[in-house]
Structure formats: structure tokens, C-alpha cells
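The values are calculated or read from the model by the stated rules, or taken from the named source; none is laboratory data. Being a predicted model, the structure only gives us computed values, none of them experimental. As a convention, Cβ positions derive from the backbone with ideal geometry for all residues, glycine included, and neighbour counts pool all protein chains shown. The accessibility values were calculated without ligands, DNA or RNA, using every heavy atom of the protein model including side chains. Shrake-Rupley method; radii C 1.70, N 1.55, O 1.52, S 1.80 Å.
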Amino acid sequence: PAANDKATVLQRAREYLFPDRIDRLASLGVDLVIGKREGYRFWDLDGREFMDFHLNGGTYSLGHRNPQLLEVLRDTLEYADVGNHHFPNPARAELAERLAHATSLQYSVFTPSGAEANDVAIKSARRFTGRRKIVALEQGYHGRSGLSGAAGDDAAAVAFHSDYPGEFIKVPFNDVDAMERALAAGDVAAVMMETIPATSGFPVPDPAYLPAVRALCDRFGTLYVADEVQTGLGRTGKLWGVDCWAVRPDILITGKCLSGGLYPVAAAVLSREVGAWLAEDGWGYVSTFGGAEPGCAVGCRALELCADPATLANVEAMAGYLARGLEDIKGRRGFLTEVRQRGLVIGLKFDAPDGGAQMTGALFQHGLWAMFAGFDPSVLQFKPGLLVDTAYCDEALQRMEDALTSHGRRAGRGR
């Protein structure tokens, strides 16, 4: 049996998993090993309780071990296993139909992760257009597999010699002119866009930016791929982040919360035209675990919960409530300089190049787990769940206040 004492787990992880990750978190005072989890809280193996404002990138938007999703999973496992990828199954067919209705697109290609779904999107765009080039954002993130990694962080792709600078072109976020220059030659298969780029700290697009990119794609025969792995499924107050700007993509990527945090499932949802290869080549993409029956069964219920008008109304209400609380803190605490927000997609920028990372450590000491933005550590990703209430938000705001107070004392900032 696996050892469950914290020191042994940390030692094994350092020796056999990812020593650099363990050491970097330890430098922030973070030595977390998650044990019990429930709702929007979890407990370390040593019994410490934490509020979860990371949610594994939004995987737990509906809470850890959501009872409704657990019931679906248990019921499904009474009669099913992962299934056979050569054949349809009831849950897979149902989830595909529900995603078609939810996106106004047609075909779903299921994968075990968002990175693989982005790979499918790139391959589909290339097959449809006959072009190879992909335009993405300079600080975008689409996963760390081969194609998805090349479309994202250049440094990581270069480290593994899987960068293709002649085929994956990067442009600045919110820069329409740069996007037009990148597309003007008419040789780009797709623009890949996180609707609100997560790993660069959730900068919110200008009101006209996404519609302008959509118009440029139409003008130059380029597909628009909306990576909604983090901003989709209700986090913005709309079911999909692109709905906030009335943009309809050619391909939409979803994952994380679709799994309910219980069984991996993600999807590339394709328009009928772009997905025409599925009518010609049924084995153009295969995955043993993509579209596994338990994951699709959970995904059907997760999608239903995220799209529920009551859930979306709660997102809007709690977004407003937290916005007022965070602006109040910002007005009194000079270290917090900017609140970036669309619904419950929130980035907090601090007055230091590594201010978000500092706050990850400070909040950890006060029982709140939130992760800094990997491409901009001055920003803290602050991700409440979709079903939180005002009492939970009040508790989190108090812990933020306490963390800023203790951090200020250590840094000699006073108030």
C-alpha cells in the first residue's frame, strides 16, 4: 500500500516524479500533499484545511467530489468500463449531441486531455485548409504535447526540440494590427486563442479584439480555434467565454470541468465543414481512453450543471460580490495594483515582478490555495468555484486581507 505520511510522499515525489517542482514550491513555503477533499475545500495529510482557489485550472469548478457527479460515476461503473474506441456508446453519443447543441457546432472528437484536443484542432484545421501555419498568442498556453506545445510557450517547446518557428507564428495579445499582418499572406490554417489567456494572468481582451480576430479569419480564409479549457463551462457567467463577445469559433476546445474532476474527458468540437473528415476517415484520430464511457457520462451531467441558468446567475452574483470586496482591498493595500475580471475568471496583479508568487506562499500560510500565473508571476490566478456563496467569499476575502497583512509585515510595508 502507498505510504500516506507527508514526509515520505514528498521524498518520493522529489526522487521519482518532479524534483524541480517540489523544490520551487518549497521555496515559497508550500509543502502541500492533498488528502481529504470536499466541495471547495481540501485538507493536507497533516490535517490543515485549505480553501481551493486554484481548482486545478477550473477542473473542480463544480467542487471536489460533487455528489451529483459522483452518483453518475458510481452508477456508470456498475455496468461499464472505458469501452472500446472503435464503437459508439450511449454516453459518448449523448455528450457529443449535447456539446453540438451547446456550441452550435457539429462533431465532437473526445480526448483524455485538453492538450490532445488542441492537437486534434490543429490537425483538423490543417486538413481542412491545406495550410500548415498556425498563429497563436505570445503568452498563450494550449498544453505541453507536441503540436499543442508548439502553439504555446516557446521556451518549453525549444527545451524538447519540438518547436517549429516556421509553422507556429506568435503575436501579442490584444494587438489587431499584429494579427492582420500575420494572416495577410493567406497561408495560415488557424488562429488558436485562449479567450482569456490563463497562464499569462487572465488579461481581459479589449471589447473589439475577439470580434476583430474573427473578422480577420473570415477575410483571409483562416479558422478560429477557441481554447475554452479554462474559460468555458460557465466561468465567465456565460457557458463559453466567447459568448461574452458574441464570437462563434470554427473549433471549440473544452476539458477540465467537463470531467467533474472525476474521470478524464476533453473534446475538440468542430463545425460540420471542418469536421467533414470524420465522414470520410473514421479512423483519422483514435484514442483508447478518449471518450471513455464513465468520463462521458460524468461530462453530460457536468455540462448540464454548468449550463443551468441558476448556476450562471450565481456566477454573475458572486462575481459582483467578489469584485466589490477585492476593489475594497485594493483601495487599502498598495501591494495589490490591479483586479482583472470577467465573471469568476480573476487575475490579481501585485506590485512586484514575483508578487503573485509571493502571495501564493502568503495565502498558503493562511489556508487558501491559489497559484500564480506561470508566464507572469506578478499575477495571482484567483479562481472561485461556480457554486460558492457569500459566506465562502467573505471567508476568502478575510484570508486575503490576513495574508496581505502578514506579508506586509515581513516585507516592511506596514499597511
Qualifying position, being over 20 Å from Trp245 (Cα atoms), part of a loop (DSSP other than H, G, I, E, B) and over 19 Å from the mean Cα position of the chain (by Cα), among Gly152, Gly166: Gly166
Tabulated pairs, region 42-57, first open to solvent by 60 Å² or more (accessible area, probe 1.4 Å), second charged (D, E, K, R) and modelled with pLDDT under 95, C-beta under 8 angstrom, 6+ apart or interchain: Leu45/Asp5; Leu45/Lys6; Asp46/Lys6
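From the list Ala319, Ala323, which residue is modelled with pLDDT of 95 or more, under 19 Å from Pro205 (Cα atoms), out of contact with any Leu (no Cβ under 6 Å at 6 or more places or on another chain) and among the small types (Gly, Ala, Ser)?
Ala323
Given the criterion in a loop (DSSP other than H, G, I, E, B), at pLDDT 95 or above and farther than 30 Å from Pro67 by Cα, identify the matching residue among Pro353, Pro377, Pro384. Before you say what the answer is, go through the steps one by one.
Details: Pro377 fails: in a loop (DSSP other than H, G, I, E, B); Pro384 fails: farther than 30 Å from Pro67 by Cα.
Answer to the check: Pro353.
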Every pair of residues 6+ apart whose Cβ atoms lie under 6 Å, when the first sits in region 263-289 and is closer than 20 Å to Gly114 by Cα and open to solvent by 10 Å² or more (accessible area, probe 1.4 Å) while the second is of a type in the set (S, T, N, Q) and not in a loop (DSSP other than H, G, I, E, B): Ser287/Thr111
Test: Leu258 is touching a residue at least 12 places away in the same chain (Cβ under 8 Å) and assigned to a helix (DSSP H, G or I): yes
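Can you name the residue in region 147-172 that is touching an Asp or Glu at 6+ places or on another chain (Cβ under 7 Å), within 23 Å of Gly255 (Cβ to Cβ) and not polar (S, T, N, Q) and is also most open to solvent (accessible area, probe 1.4 Å) among such residues? Full working, then the answer.
Initial filter on region 147-172 (touching an Asp or Glu at 6+ places or on another chain (Cβ under 7 Å)): 147-148, 150, 154, 157, 163, 170-172.
With within 23 Å of Gly255 (Cβ to Cβ) added as a condition, the list becomes 147-148, 150, 154, 157, 170.
Filter again for not polar (S, T, N, Q), leaving 147, 150, 154, 157, 170.
Values: Leu147: 39, Ala150: 5, Asp154: 73, Ala157: 6, Lys170: 40 Å².
In this case the residue turns out to be Asp154.
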Any hit, region 284-304, residues being in contact with a Pro (Cβ under 7 Å, 6 or more places away or on another chain), farther than 30 Å from Ala121 by Cα and assigned to a helix (DSSP H, G or I): no
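Which of the following residues is within 26 Å of Gly166 (Cβ to Cβ), open to solvent by 30 Å² or more (accessible area, probe 1.4 Å) and without any contact (Cβ under 8 Å) to a residue 40 or more places away in the chain: Arg132, Arg126, Arg144, Arg74? I'd like the intermediate steps shown before the answer.
On the way: Arg132 fails: without any contact (Cβ under 8 Å) to a residue 40 or more places away in the chain; Arg126 fails: without any contact (Cβ under 8 Å) to a residue 40 or more places away in the chain; Arg74 fails: within 26 Å of Gly166 (Cβ to Cβ).
After ruling out the rest, the residue left standing is Arg144.
Does Ala178 qualify as being surrounded by fewer than 24 Cβ atoms within 10 Å (Cβ to Cβ), without any contact (Cβ under 8 Å) to a residue 24 or more places away in the chain, more than 26 Å from Ser259 (Cα to Cα) and under 23 Å from the mean Cα position of the chain (by Cα)? Even if it seems obvious, please write down each step before you answer.
Numbers: surrounded by fewer than 24 Cβ atoms within 10 Å (Cβ to Cβ): yes; without any contact (Cβ under 8 Å) to a residue 24 or more places away in the chain: yes; more than 26 Å from Ser259 (Cα to Cα): yes; under 23 Å from the mean Cα position of the chain (by Cα): no.
When the stated conditions are applied, Ala178 does not pass them.
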